[in-house]
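Below is one structure, written out as structure tokens; the observations come after it.
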Amino acid sequence: MTALQRASILAVLLVALTIGRAGAHHAFSAVYDDKQTITVEGVVTQFKFVNPHAIMSMDVTDKSGKVVTWTVEFAGRLNLAEGGWTADTIKPGERVKVSGNPARQNDHQMSFGRIVRADGTELVPVGKKREDAIEAERRERARQRSQGTQGTQPPK
């Protein structure tokens, strides 16, 4: 086998591996329905602080009294860590109320939108915190501008 043939085979293998990994990461809208928001309440059984998506399992008692395991999908560990999350941010045994977008094909799965703990504290997506902080800064700048221009005349 020539060096060119070996290089060609290696290139094909690398492309095949790259395509497989890229295809494994799903588009949000293909999996979750962003036009619906649901809320379930239950007890956390596991929180996996991993990439490509952190995952939480929780036991939820349905209307008939049966305990059903729900899966909640989050952003990845790196994104969550950027917002101060750790592997201990959500603990097994914790009672939580989770809101998010339901999965299209799994009745007991959702994407993370918000968690409200038993004490009332909330966890929101890292991006949402950033958006809220940016919006709060924008409102504050607008307030300061309006206060600074009220009652003043431009110089002549």
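No value in this document is a laboratory result; all are computed from the given coordinates. The structure displayed is predicted, hence computed values, not measured ones. Reconstructed Cβ throughout: ideal geometry from the backbone, glycine too, with neighbour counts over all protein chains shown.
Taking the number of other C-beta atoms within 10 Å as the exposure measure, put Glu82, Glu140, Glu73 in order starting with the fewest.
Glu140, Glu82, Glu73
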Can you put Phe112, Phe49 in order, fewest other beta carbons within 10 Å first? Phe49, Phe112
Expressed in nm to one decimal, what extension gain is obtained for the pair Thr89 and Asp119 from 0.36 nm per residue of sequence separation less their Cα-Cα distance? 9.4 nm
Cβ charges +1 (Lys, Arg) and -1 (Asp, Glu), total dipole of the stretch 28-141, debye: 40 debye
Where a ≥ b ≥ c are root eigenvalues of the Cα gyration tensor, a/c under 1.5 meaning rounded, otherwise prolate if a/b exceeds b/c and oblate otherwise, the stretch 28-141 counts as prolate
Gain in length, Glu137 to Asp107, computed as 0.36 nm per residue apart minus the alpha-carbon separation, to one decimal in nm? 6.9 nm
